[in-house]
Structures are given as C-alpha cells and as structure tokens.
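All remarks here apply to the structure that follows.
The values are calculated or read from the model by the stated rules, or taken from the named source; none is laboratory data. These numbers come from a predicted model, not from an experiment. For neighbour counting, all protein chains shown are included, and Cβ atoms are generated from backbone atoms with ideal geometry for every residue, glycine included. Areas reflect the complete protein model, heavy atoms only, side chains present, ligands, DNA and RNA absent. Shrake-Rupley method; radii C 1.70, N 1.55, O 1.52, S 1.80 Å.
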Amino acid sequence: MSKLWGGRFTKKTDQLVEEYTASITFDKELAEEDVQGSLAHVTMLGKQGILPADDVDTIKDGLHRVLQRIKRGDWEYAIADEDIHMNIEKALIDDIGPVGGKLHTGRSRNDQVATDMHLYLRKRVVEFVDLLQKLQSALLEQAKANLDTIVPGYTHLQRAQPILFAHHLMAYVSMFGRDAERLQDSYKRINTLPLGAGALAGTTFPIDRHFVAKQLGFDRVYENSLDAVSDRDFILEFLSHASIIMMHLSRLSEELILWSSTEFRFVELDDAFCTGSSIMPQKKNPDVPELVRGKTGRVYGNLIGLLTVLKSLPLAYNKDMQEDKEGMFDTVRTLQGALQLFAPMITTMKVNKDVMRQAVNQDFSNATDIADFLVNKGLPFRQAHEVIGKTVLYCIQQNKYLLDLSLEEFKQFSPLFDDRIYEVLQPVNVVNARNVYGGTATPQVTDAITRAERELDATAAWVTEYAEKSR
Ligand code: ARG
C-alpha cells in the first residue's frame, strides 16, 4: 500500500526525505499510548453513531492484536510509514482490511500525538514522584542513624558551624520533597485531553470530547483547539522540573565525591556503587555521582533545546514540534537511571562517624558560640565578634584550638570569660544550642524527621492513587 496521505502526490517521496522526516525510530516508544488513545476514540465514534457498532468492534479487536504483536516484538515498523501513528494504522488495515481506515475519522495526527504525549508523561510523573519518595526515605533512614553524628557544616566550603549529619541529610529530603511536590502539581496540567481538536480547528463530526476524556482518565479537555495541538508547555514543565531534580542530585553528588576523598574520608560508598582504575590498583572511584553530576548537563540541554524549538513558532502544529520527543525520552531515561541508583547508594553508604567527630574537634567552628556567650554577658555582638576574631588569630599563631586555651589566656581578650565557656565550646553543645525550629539541635532534627515521615507517607499514598489513575 502507498502512503496513507499519498492521494495528492504524483511522485514517490525521496528516500532521504523519508528518513529525515520520519520519527518512528524514536516515537515507537509511544505505541501503547497510541493504541490506548485510539481505543477511546473509536469507542466514542461508536457511541456517537459516527461508526456502526460492528466496525467499532472490528477496529478494537484489530488494535488489541496490533498492540500484542508490538509488545511481543513480532512487528516491524517501516520508515516509509513515518511515525508510530501511521505505522499502527497501517498494521491495523493490514490486519482487518479497509474498515481500519475508519479509525482516523474526526481525528488528526496533531491531536493524536499530543494525546499520546500526555498519556505517556503522566505515567512518568507518577513514577518519578515514587522514585523521589524512595530516595527521600533512604536519606531519612541515614539521617535517623546519624542523629548523634556531628560534622562540620560549611559555608564557602570553609568550616562554619558544627551540625548534625542528620540535619545535613534532611536538607536534601526537603529539596527532593519540593521536587516531588512540583511534579504532583504539574499532573493537573498534563492530565488535560487534546484529542478532538482535529488538525487545529475541531472537526465536522459530532464527537464527544468529554466522553473520551473520561475513558482515558483525563480531568478536563483543552478549551481551545489551536492551543490543544500547539501546546508543549506540559513537556517544558516536566523538563524544567527534571532539571531542578538533576541540579539537586548534582549537589549531593559533589558532596559525596568530596566526602569520599582521602582528604575528607567522611563517608565510604559501597563497592557495588564504585568502579576501579585500569592502571592504578588502589583506586575506588565514585563514578555514579560523577556521572550524575555530568549528566545534569544533558538534562539542562534538553530543556533549552525544546524551549528554543518552540520559540517564535507560529500556531498551530509545525513539523518542528516533532523535535519534542527525543529530548524528553532522553531526560526520562537519564533521570530514571540517576534516581534508581541514588537510593540504594545512600542506603549502603558507610558513614565514618569518628572521622566526622574528629574533624569538629580540630577547627574553629565553635567560634560563633563564644561570641554569643559574650553577647549574653551584655557585650554588643560586633564587639564580641572582634574579641573572638582576635582570640582565633592568637590560637592560629599558637597552633591551638579554642578548647586548648586556659582561662587566663581567654581573659587576656575579655574579662567577661569564665569557666563555663569550656562547656559552651563542646561541639555537642554548640549543636544543641541551635534549638530553633528548623535548626540543627537534636530535638529539632528529631521533630523534622517525624514531620518528614508523615509527608512521605502522604506522598506514597498519592503514588498509589495516581498510579491507578494514570494507567
Ligand atoms: N510524527 C509527528 C510528530 O511527532 C506526528 C504529527 C504529525 N503531523 C503532521 N501534520 N505531519 O510531531
């Protein structure tokens, strides 16, 4: 059979043009969604009396068979049939004869492809919320196991103030929580049906868009037919959410890479998540976080790529829009890989509590606290800051830490010091002094973990509910 759209042509398509314009090599990933959309469409055509019931049944049976063949791998697509939509239609007609040609009544590939993408992406969104939730749980479990682990907190990558390692990990739980929330919020926009928009203007057939929406589990339909076929915001939104997730993962990656270096030795990643060097026998490289850090670039690239494809594009459908797919599939795969690996990598990570503790005993990260001590004695903070600055300088010159100074030495800098400062300066007390909501004191972090656990339960319930809805 010739091309499904071959009627007005007198020449064969140039071979190179065929290859250049075809999308089947990558949009074959949408096969299931394409059949799903077609089944709902043809059911509606029957209900509306646009097609006789017999034809509808024949078409549905045929579509099921085509999908089974695709799933079994007993199906060969043809570049000449351009994309998944026409490949499936062709396979249907081969299977059931000319009646298969009635499927496309009242429909265009423009509203069809948009529908497929919505169906595809809403499933992925639920899967990503699930993966994020699992990563959050892994981080939260590590946090629970490290409520007594004190570690230097950094600003400018310089030791700043000691914190609980649990507090540091819980920061990421919050970030990934916002990421999940963003995806959950985007679901309502993804879950809007474009089908029924026709090529751009609607259709002359008395279709029922709301019936199709209901069958496919869409909460609403696009209000405007031009918008329905032109909109790719929902993909852009996904690509930007994915970029933010990768950005968060890249920051955690960078920390894991630093922490597992010999210079830090704060953590050790499990052997199962590292690789060796082909020349240096001693090496154990943190390849997974390094690759996640690196792959963040391609995920950003896919976002910028599609933004640029859509920039200045006139309404409605333009072939440019076929470029929406490869980047999206690539981002889905890249993000899946990263999130799937991260949760078990965090779970199996060994935390060197002693090395961390030792680190806080050998720095000046308790300096703010003796400044605060002087403030509590009535000294204005600026003056206290100056006094402690001088004290720290003295320590550096003497090759000592604050806790090594005698009370006489302290008193050289201010008469307000008394021997309670030795308690104040203990890292554990420094940590627990920050007992404000959201702070690093043990009771605060314990509460934060309890709150996060409740949120994770709610997210898990959302995933269960929406996994069903998005099927
Ligand atoms: N393969 C096309 C795409 O992915 C499907 C829509 C084609 N529509 C058209 N009018 N050529 O965008």
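Quick one: Debye curve from the C-alpha atoms of the chain, no solvent, what's log10 I(q)/I(0) at q = 0.05, 0.06, 0.10 Å⁻¹? Taken in order of the listed q values, log10 I(q)/I(0) reads -0.30, -0.42, -0.84.
Under 5 Å from the amide H of THR275 lie the amide H atoms of ASN285, ASP287, each residue being 5 or more positions distant or on a separate chain, with H modelled from the backbone and absent for Pro and chain starts. What stretch of the chain, leaving out the sites themselves, is the longest with no GluC sites (Glu not before Pro) in a DSSP loop having at most 14 other Cβ atoms within 10 Å? With GluC sites (Glu not before Pro) excluded where exposed in loops, the chain gives 264-471 as its longest stretch. Taking every alpha-carbon pair within segment 82-182, the share separated by more than 16 Å comes to 72 percent.
Output the pairs from LYS3/LYS90; LYS3/LYS60; LYS11/LYS325 with a Cα-Cα distance over 19 Å in this structure; if there are none, say none.
Long pairs (Cα-Cα over 19 Å): LYS3/LYS60; LYS11/LYS325.
Distance from the Cα centroid of segment 1-37 to that of segment 43-80 is 18 Å (rounded to whole angstrom). Rg over Rh for segment 226-381 works out to 1.20, both radii taken from alpha-carbon positions and Rh defined as the Kirkwood radius. Built from the Cα atoms of segment 33-96, the convex hull projects on average onto 4.2 nm², one quarter of its surface area. Relative to its Kirkwood radius, the Cα radius of gyration of segment 335-430 gives an Rg/Rh of 1.22.
Share of carbon and sulfur in the accessible area of the chain stands at 53%, probe radius 1.4 Å.
Which percentage, to the nearest 5, of the DSSP beta bridges contained in the chain is antiparallel?
Values: 9 of 11 bridges.
Taking every DSSP beta bridge with both residues in the chain, the antiparallel ones total about 80 percent.
For segment 145-209, rounded, prolate or oblate, judged on the Cα gyration tensor with a ≥ b ≥ c (square roots of eigenvalues), a/c < 1.5 rounded, else prolate if a/b > b/c? Note, shape of segment 145-209 comes out prolate. Once both labels are positioned 7 Å from their Cα atoms along Cα-to-Cβ, the gap between TRP5 and ASP419 label points is 9.0 nm. Around the Cα centre of the chain, unit charges on the Cβ atoms of Lys, Arg, Asp and Glu (plus for the first two, minus for the last two) sum to a dipole of about 320 debye. Helix 109-145 and the longest principal axis of the Cα set of the chain meet at an angle near 20°. With a Förster radius of 22 Å applied to the beta-carbon distance between SER261 and GLU141, the computed FRET efficiency rounds to 0.35.
Sites listed here are trypsin sites (Lys or Arg not before Pro) in segment 252-327 whose DSSP assignment is loop and whose Cβ has at most 16 other Cβ atoms within 10 Å: ARG265, LYS283, LYS284, LYS311. Around GLU290, with a cut-off of 15 angstrom between Cβ atoms, what is the net charge of the other residues, counting Lys and Arg +1 and Asp and Glu -1? Cβ neighbours under 15 Å give a net charge of +3. Between VAL267 and SER260, ASN352, the built amide H atoms are under 5 Å apart, and every one of these is 5 or more places off in sequence or on another chain.
In this structure, the amide hydrogen of ARG220, modeled 1.01 Å from its nitrogen in the peptide plane, lies closer than 5 angstrom to those of LEU193, counting only residues at least 5 positions away or on a different chain.
The phi-based Karplus calculation (6.51 cos²θ - 1.76 cosθ + 1.60; θ = phi - 60°) puts the 3J(HN,Hα) values of segment 298-312 at 6, 5, 4, x, 5, 5, 5, x, 6, 4, 6, 4, 7, 4, 6 Hz, whole numbers, x for Gly and Pro.
In terms of its alpha-carbon gyration tensor, segment 21-164 comes out prolate; a/c meets the 1.5 threshold, and the first ratio a/b outweighs b/c. Taking a ≥ b ≥ c as the square roots of the eigenvalues of the Cα gyration tensor, segment 1-64 is oblate, since a/c reaches 1.5 or more and a/b is not larger than b/c. Partners of LYS469 within straight-line reach, counting aspartates and glutamates whose Cα lies under 19 Å from its Cα and excluding those fewer than 8 residues away in the same chain: GLU32, GLU33, ASP34, ASP116, GLU127, ASP130, GLU181, ASP185, ASP219, ASP457. Calculated accessible area for the chain comes out at 48 Å² per residue, all protein chains present (probe 1.4 Å; ligands, DNA, RNA ignored). When both segment 177-226 and segment 284-358 are represented by their alpha-carbon centers, they are found 27 Å apart. Each of ASP372 and ASP95 was given a label point 7 Å from its Cα along the Cα-to-Cβ line. The distance between the two points is 6.9 nm. Placing a pseudo-label 7 Å from each Cα along the Cα-to-Cβ vector at ASP74 and LYS350 gives an inter-label distance of 5.2 nm. Of the chymotrypsin sites (Phe, Trp or Tyr not before Pro) in segment 1-49, the ones in a loop by DSSP (not H, G, I, E or B) with at most 11 other beta carbons within 10 Å are TRP5, PHE9.
Positive end of the dipole of the chain, charges at C-beta (+1 Lys, Arg; -1 Asp, Glu), about the Cα centre: which of LEU307, HIS64, THR204 has its Cα farthest in that direction? It is LEU307.
Solvent-accessible area of ASP447, all protein chains in place: 80 Å² (probe radius 1.4 Å, heavy atoms, ligands and nucleic acids excluded).
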